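Below are the structure tokens for one structure; questions will follow.
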């Protein structure tokens, strides 16, 4: 017989051994996006509609480039983790593993392509 208190049994990570941490990370990313999305809308909107040279000059400034990069990274990470949850819930076996690898590869490809485009604009 194990002599553990209810708190000691409940403390930790649960049956899946990572559910609490995953939930906490999701909440942190959501809070970060709550701040980043309005900042992104206003900074991106300020640069929208200008000529090519004006947009280049605008995104060569650090604040708009950093806000765009952070929004891109955090939003795509949030999207990938949420897609992972859906894939794990509805697809099983080898198809699950293949789909997860394809989803992560596609997500990181989008992230790299977006950051590359932003660096090309900023430099």
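Against the definition (free of Cβ contacts under 8 Å to residues at least 24 places away in the same chain, within 13 Å of the chain's Cα centre (by Cα) and either farther than 30 Å from residue 21 by Cβ or surrounded by 14 or more Cβ atoms within 10 Å (Cβ to Cβ) (or both)), how does residue 84 come out, yes or no?
yes
Of the conditions (1) within 22 Å of residue 30 (Cβ to Cβ); (2) in contact with a helix residue (DSSP H, G or I) (Cβ under 8 Å, 6 or more places away or on another chain); (3) modelled with pLDDT under 95, residue 59 clears all except one; give me its number.
(1)
Can you tell me how many residues within region 30-40 are without any contact (Cβ under 8 Å) to a residue 40 or more places away in the chain and under 16 Å from residue 76 (Cα atoms)? Step through it out loud before you land on a result.
The initial filter retains those residues of region 30-40 that are without any contact (Cβ under 8 Å) to a residue 40 or more places away in the chain, namely 31, 34-40.
Checking which are under 16 Å from residue 76 (Cα atoms) leaves us with 31, 34-37, 40.
The total comes to 6.
Something else now. Which members of region 96-123 meet the condition of being more than 22 Å from residue 22 (Cβ to Cβ) and either under 16 Å from the mean Cα position of the chain (by Cα) or part of a helix (DSSP H, G or I) (or both)?
109, 112, 113, 114, 115, 116, 117, 118, 119, 120, 121, 122
Report yes if residue 78 is part of a helix (DSSP H, G or I), touching a helix residue (DSSP H, G or I) at 6+ places or on another chain (Cβ under 8 Å) and closer than 30 Å to residue 55 by Cα, otherwise no.
Values: part of a helix (DSSP H, G or I): yes; touching a helix residue (DSSP H, G or I) at 6+ places or on another chain (Cβ under 8 Å): yes; closer than 30 Å to residue 55 by Cα: yes.
The answer is yes for residue 78.
If you scan region 33-69, which residues turn out to be under 16 Å from the mean Cα position of the chain (by Cα) and closer than 17 Å to residue 123 by Cα?
Passing the criteria: 66, 67, 68, 69.
Return yes when residue 54 is outside any loop (DSSP other than H, G, I, E, B) and loosely packed, with under 12 Cβ neighbours inside 10 Å and no when it is not.
On the way: outside any loop (DSSP other than H, G, I, E, B): yes; loosely packed, with under 12 Cβ neighbours inside 10 Å: yes.
So residue 54 fits the description; yes.
The values are calculated or read from the model by the stated rules, or taken from the named source; none is laboratory data. Because the structure is predicted, anything quoted here is derived from the model rather than measured. Every residue, glycine among them, receives a Cβ derived from its backbone with ideal geometry; neighbour counts consider all protein chains shown.
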